[in-house]
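First comes the structure, then the notes that go with it.
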Amino acid sequence: MKHIFGFLIILICLSACSGDKKSVGEVPVIDVISSVEHYQRVYCSDLFSSMELIPLETKQECLMGTNYTLKLKDSMIIVRSIPGMGGMIGPVNISLYAFDRSGNFINPIGRKGQGPEEYISIGDPFFNMDQPTLFVEDMKKVIEYDLQGNFIRSFKIIEIDSGVKLSNYGYVGGGLFIAKMPNNGKNEYNYCIMDEQGNFLKGFPNYIFFQKEREYASTMEIAIDPIRVDDQLYLKDMLNDTIYSLSNMELKPEFVFGFGQYSYPIEYMSGAGDALQRLLPDNAFLLSRGFGYLVGTPNFFFYRVRIPKVYKGPKSKQVYIDFLGEYKSTDDFVHGIYNIAQHTNILLDTEPFYLQKGIINDLNGGLSFIPKYYAGNGEVIDIWNPADMKEMLTDEYFASLKIKDPQAHQKLKELLKTLKEDDNPVVVVAKLK
């Protein structure tokens, strides 16, 4: 499908080969299976009207590594930085920083430590929608800070069912929180609602049970962090292919990922067999868990999914594996876009020049865009590593694109002149059409 037909035409044409099954009962199906091996290249100009680059200020007191997540609300950017991989054997050295919309550093949020006002290792922050504060989930408590980084309060993460702690907290509104109970095969509840002191109010039943042969922890037992789209809150746990909405203290199925026979097999959670194969079966779709792996907007869901070995994936960049002595593709994950109004789904092909994944950036000529967060007001956010920008954004690469916004392209080129490889990341804000 050529670019000139545009993104909407791609989705209309692709719907002809996406099968007849569009819903399960009244719930629309995100038809992933029929999109496999029909990969399409999508361009930023198909989806976005503009793109803003915000280089975050690089100062000694806010230096970041190469792993980060971010949230944007109004004129405030909150970045969660993970400098290294120390968390493989202990608590991860994580920091929170606040920047303004121009990228100027404002202040840190809280500080690392074991005191009552401090955190040890925190997940992604989430905003209080009722007032200008934010929450972070620590190992044993949820902490609220103001946007100037000052401690306000904290409440203990409750334990239900023999010491199983809730996780993946999200703010519902009106002083209420929702969190996920990790699925250990026998837990009574799936999600739980708490009051502003963290006290249990209501539980939603768990319907997925299995018998573990031995104890182990798996990312499949937990969930994707709650996804806020304006006034709507979406929930998705790893073992269930359904995306739920929360409204009036009730969960409602809204969308189902159509994985069919290639859904994650529950028997893998029992603990039988090799550990790696048990957790990552070859012939199963696996929706990624992490920053930007499922992003909702009023009109689209952007997601990242692993393709089963029985299917051919799009071309991907080859990397040299030392112990194999050869180049191999180590990433079989593919990005997808589901159009909510049209009930159509596509999986993205790679950009041809560098085999980048994501939406090909023909607006300013930058790196391929991967929506990682919906900030409201029609804005989706990506974050670029300066080292990647310096390496890949060359005149040769620019020449391979038909750039649609020359003024934005010129701003990008000016930024590249001053940007250093070890600078803090660049926040990219794209405005949906």
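The values are calculated or read from the model by the stated rules, or taken from the named source; none is laboratory data. On a predicted model such as this, the values are computed, not experimentally measured, just so you know. Ideal geometry is used to build each Cβ from the backbone, glycine not excepted, and the neighbour counts take in all protein chains shown. Note: areas computed on protein heavy atoms with side chains; ligands, DNA, RNA excluded. Shrake-Rupley method; radii C 1.70, N 1.55, O 1.52, S 1.80 Å.
Taking the numbered list (1) open to solvent by 10 Å² or more (accessible area, probe 1.4 Å); (2) modelled with pLDDT of 95 or more; (3) of a type outside the set (A, V, I, L, M); (4) over 17 Å from V42 (Cα atoms) in turn, T297 passes all entries but (1).
Of all residues in segment 357-371, how many are assigned to a loop (DSSP other than H, G, I, E, B) and within 25 Å of I33 (Cβ to Cβ)?
Just the residues of segment 357-371 that are assigned to a loop (DSSP other than H, G, I, E, B), to begin with: 357-358, 361-368, 370-371.
Right, trim to within 25 Å of I33 (Cβ to Cβ) and you get 357-358, 368, 370-371.
Of the residues in segment 357-371, 5 are assigned to a loop (DSSP other than H, G, I, E, B) and within 25 Å of I33 (Cβ to Cβ).
When segment 128-140 is filtered for residues that are open to solvent by less than 40 Å² (accessible area, probe 1.4 Å) and not charged (D, E, K, R), the ones remaining, listed by number, are N128, T133, L134, F135, V136.
As a summary of the residue check, I383 satisfies the conditions (1) of a type in the set (A, V, I, L, M); (2) surrounded by fewer than 16 Cβ atoms within 10 Å (Cβ to Cβ); (3) closer than 25 Å to S75 by Cα except for the one numbered (2). So for segment 105-127 (the condition being surrounded by fewer than 16 Cβ atoms within 10 Å (Cβ to Cβ), hydroxyl-bearing (S, T, Y) and under 25 Å from M220 (Cβ atoms)), does at least one residue qualify? No - not one qualifying residue is present in segment 105-127.
Applying the set (1) hydrophobic (A, V, I, L, M, F, W, C); (2) open to solvent by 20 Å² or more (accessible area, probe 1.4 Å); (3) free of Cβ contacts under 8 Å to residues at least 40 places away in the same chain to I94 leaves exactly one unmet item: (2). Identify, please: which residue in segment 386-409 is open to solvent by 90 Å² or more (accessible area, probe 1.4 Å) and not acidic (D, E) and is, among those, nearest to R228 (Cα to Cα)? Once the filter is applied, the top-ranked residue is K404. Pick from segment 344-354 the residues that are part of a loop (DSSP other than H, G, I, E, B) and within 21 Å of the chain's Cα centre (by Cα): which of them is farthest from T394 (Cα to Cα)? The selected residue is D349.
Given the criterion outside any loop (DSSP other than H, G, I, E, B) and at pLDDT 95 or above, identify the matching residue among Y327, Y320, Y374.
The conditions single out Y374.
Within segment 330-339, being surrounded by fewer than 19 Cβ atoms within 10 Å (Cβ to Cβ) and within 30 Å of L412 (Cα to Cα) holds for D331, F333. Restricting attention to segment 91-138, the residues being in a loop (DSSP other than H, G, I, E, B), within 28 Å of V429 (Cα to Cα) and polar (S, T, N, Q) number 6. Residues in segment 340-362 that are open to solvent by 10 Å² or more (accessible area, probe 1.4 Å) and of a type in the set (S, T, N, Q): Q342, Q356.
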